[in-house]
Ligand SMILES: Cc1cc2nc3c(=O)[nH]c(=O)nc-3n(C[C@H](O)[C@H](O)[C@H](O)COP(=O)(O)O)c2cc1C
Ligand code: SF4
Ligand code: FES
């Protein structure tokens with residue numbers, strides 16, 4: 001087999017040194033301690049979440065090999081998992097990843113209009129990233145919030161009962177580079193509103 | 001019929017915090033269970049209660065617990081299934097967000113009954129806010145000696161941790177969930193062996209839904225017999241119903257099982273009728289996997305008896321004229337909703353979420369999606385409708401896990417009850433182009 005058969009994006013290695021900060025490593029060791037002796041692989045998904053969040057918003061081979069070494073497992077075990085779950089991105093994404101729910105309950109409440117409007121406003125198609133690297137647009141399946149349809153998620157924040165005016169406001173807010181509040185920093189009232 | 005068990009005190013300010021929760025009777029069940037009951041007595045109460053799994057299948061919880069292998073001497077595990085990804089279902093998120101201690105209290109009682117010293121809550125990765133709330137609540141419980149070593153001086157130890165998924169509907173299936181918790185792809189396992197014998201790390205494991213576990217505290221406090229008095233027949237207790245779609249009041253409602261479907265849809269205490277004064281067309285009563293029923297069959301059975309919100313009544317008539325209570329994801333479609341478009345949408349969902357292990361599911365869901373796409377876009381032929389029925393029947397029952405069935409039931413039922421809409425699509429490709437799917441209010445703002 002020729003070399004080119006292996007040139008899937010995933011296998012491009014940048015050979016950049018990656019490492020977590022000592023604080024993050026401490027957090028990771030706590031997570032590993034939640035599982036029985038010898039079952040440290042269980043911590044893989046939680047650690048990949050942290051890696052993605054702290055290392056630029058997506059995963060590459062260098063990061064995945066590093067995570068494998070932390071857990072004393074083989075890199076292929078990490079690739080297998082990273083390619084299976086939809087929350088892990090294997091290609092670079094924008095600063096804000098807008099994920100619009102396009103499943104039935106949202107669709108019958110106008111989810112398709114929301115998606116079309118976002119495509120128009122951002123001048124990109126689903127799956128693409130704006131040229132300034134600010135926004136990626138994705139279609140995702142049911143986010144478990146169908147009672148507030150139509151729904152979308154930007155990074156980790158939910159936006160519910162959407163209409164086109166709300167989209168305008170949200171985009172303007174994000175463009176003004178206002179940082180999203182992390183869920184753990186919100187009061188529970190803010191989260192529910 | 002107003003009866004609150006899992007959502008009791010939900011409106012109390014600050015109820016998500018331990019001190020407020022305890023002021024309202026929280027964690028009393030723990031004292032009772034740990035100090036005056038043996039583990040087997042707890043199991044017996046849950047059996048007497050007739051509690052059935054609220055995750056979808058409705059399997060009797062006490063019976064599931066009694067299957068757990070206590071002889072092997074291996075450590076036992078309790079896992080709470082908070083993967084909640086079935087389209088139309090959002091009750092567990094609501095419960096965990098507003099009253100997380102209800103779940104934790106139930107889990108401690110359940111772990112005691114099972115003799116499990118380690119428990120996990122597997123939460124879908126998208127629920128980041130919920131994970132934060134749960135972690136705070138767990139920390140409070142540890143600090144108060146309700147978790148950890150020697151709980152309330154009883155000698156019983158329990159460690160409880162939240163584990164995050166990463167976006168995969170299939171991880172709601174209990175053996176896929178276990179694989180995922182072990183740090184692998186969410187590929188369901190062949191059963192048997194069942195998790196009660198060989199589950200997490202090949203040790204005896206019970207997987208229960210959030211709502212199921214949230215009932216346990218009440219049952220311990222009040223006894224299984226009292227619980228069994230609530231509800232109707234073998235559908236005991238209450239059920240959380242998450243109502244969505246074209247209704248006036250979408251949201252999560254706790255109903256006493258046995259409430260008439262008509263009342264649930266039209267009463268102001270629940271859905272509040274169809275949005276915009278439109279007519280009801282159809283309902284998917286138990287999450288996207290269960291058969292869709294047209295108005296006539298959701299309100300009354302084929303015999304003309306009022307349909308009730310219960311396991312038995314909703315499934316009366318089998319799949320010919322009935323459906324299922326499932327997870328309680330109640331999706332309502334108004335007269336303008338396009339059933340073909342929605343069936344295509346659900347098919348795309350199942351194709352996307354198939355783990356790909358079994359060919360009938362992997363290939364079949366892909367075929368159904370593309371045939372439905374063809375029909376929805378005006379390129380279908382009459383024989384495509386029968387082709388769909390045939391594909392669905394070939395997936396059903398021929399796969400490792402029930403996702404295959406879950407993918408075929410909605411297609412088969414939509415064609416059974418709404419064949420005319422499929423035929424209309426095939427026969428009038430030029431007319432269907434103008435059907436708008438979904439109504440967004442204030443659509444005109446940009447004009
Ligand atoms: C494809 C598939 C998805 C499922 N998703 C969920 C889910 O999100 N939440 C859940 O509690 N059960 C889900 N289940 C059911 C679980 O396999 C299992 O039966 C349930 O967690 C058992 O808990 P219970 O007896 O308390 O209902 C799913 C099953 C299948 C086949
Ligand atoms: S039925 Fe589908 S989801 Fe289930 S194991 Fe088979 S391929 Fe995977
Ligand atoms: S369908 Fe969009 S959140 Fe469930």
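The figures follow:
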{"item": "Test: residue in the range B:178-192 that is free of Cβ contacts under 8 Å to residues at least 12 places away in the same chain and either out of contact with any helix residue (DSSP H, G or I) (no Cβ under 9 Å at 6 or more places or on another chain) or over 28 Å from residue B:402 (Cβ atoms) (or both)", "result": "yes"}
{"item": "Residue list for the range B:255-285, filter: in contact with a helix residue (DSSP H, G or I) (Cβ under 7 Å, 6 or more places away or on another chain) and either within 16 Å of ligand 2 (Cβ to nearest atom) or assigned to a loop (DSSP other than H, G, I, E, B) (or both)", "result": "B:270, B:271, B:273"}
{"item": "Residue satisfying condition, being in contact with a strand residue (DSSP E or B) (Cβ under 6 Å, 6 or more places away or on another chain) and surrounded by fewer than 18 Cβ atoms within 10 Å (Cβ to Cβ), within set B:335, B:279", "result": "B:335"}
{"item": "Candidates B:406, B:412, filtered to the one that is over 27 Å from residue A:162 (Cβ atoms), within 16 Å of ligand 3 (Cβ to nearest atom) and under 26 Å from the mean Cα position of the chain (by Cα)", "result": "B:406"}
{"item": "All positions within the range B:181-192 that are under 22 Å from residue B:70 (Cβ atoms) and within 16 Å of ligand 2 (Cβ to nearest atom)", "result": "B:189, B:191, B:192"}
{"item": "Qualifying residue in the range A:84-96 (condition: within 11 Å of another protein chain (Cβ to nearest Cβ), crowded, with 19+ Cβ neighbours inside 10 Å, in contact (Cβ under 8 Å) with a residue 24 or more places away in the chain and in contact with a strand residue (DSSP E or B) (Cβ under 8 Å, 6 or more places away or on another chain))", "result": "no"}
{"item": "Residue that is within 8 Å of chain B (Cβ to nearest Cβ), more than 16 Å from ligand 2 (Cβ to nearest atom), crowded, with 17+ Cβ neighbours inside 10 Å and closer than 17 Å to residue A:164 by Cβ, where the choices are A:111, A:147", "result": "A:111"}
{"item": "Complete set of residues in the range B:166-198 that are within 16 Å of ligand 3 (Cβ to nearest atom) and either surrounded by fewer than 20 Cβ atoms within 10 Å (Cβ to Cβ) or within 23 Å of residue A:34 (Cβ to Cβ) (or both)", "result": "B:167, B:168, B:172"}
{"item": "Which numbered condition residue B:304 misses (of (1) part of a loop (DSSP other than H, G, I, E, B); (2) within 10 Å of chain A (Cβ to nearest Cβ); (3) without any contact (Cβ under 8 Å) to a residue 12 or more places away in the chain)", "result": "(2)"}
{"item": "Test: residue B:371 is on the phi < 0 side of the Ramachandran plot, more than 16 Å from ligand 1 (Cβ to nearest atom), free of Cβ contacts under 8 Å to residues at least 40 places away in the same chain and part of a helix (DSSP H, G or I)", "result": "yes"}
{"item": "Filtered residue count, the range B:374-406, keeping only those that are more than 7 Å from ligand 2 (Cβ to nearest atom), without any contact (Cβ under 8 Å) to a residue 60 or more places away in the chain, under 24 Å from residue A:101 (Cα atoms) and in a helix (DSSP H, G or I)", "result": "3"}
{"item": "Some residue of the range B:311-319 being in contact with a strand residue (DSSP E or B) (Cβ under 9 Å, 6 or more places away or on another chain), away from ligand 3 (no atom under 16 Å from the Cβ), away from every other protein chain (no Cβ under 14 Å) and closer than 21 Å to residue A:144 by Cα", "result": "no"}
{"item": "Subset of the range B:352-368 (residues that are more than 10 Å from ligand 2 (Cβ to nearest atom) and farther than 19 Å from residue B:390 by Cα)", "result": "B:352"}
{"item": "Some residue of the range B:74-82 being closer than 23 Å to residue B:231 by Cβ and either within 14 Å of chain A (Cβ to nearest Cβ) or within 16 Å of ligand 2 (Cβ to nearest atom) (or both)", "result": "yes"}
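Okay, residues lined up against (1) more than 14 Å from every other protein chain (Cβ to nearest Cβ); (2) within 18 Å of residue A:35 (Cα to Cα):
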position	(1), (2)
B:89	no, no
B:101	no, no
B:106	yes, no
B:121	no, yes
B:137	no, no
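Just so you know, all these numbers are worked out from the coordinates, no wet-lab data involved. Nothing here was measured: the structure is a model prediction, and the numbers come from that model. Note that we place each Cβ from the backbone using ideal geometry, even for glycine, and neighbour counts take in every protein chain shown.
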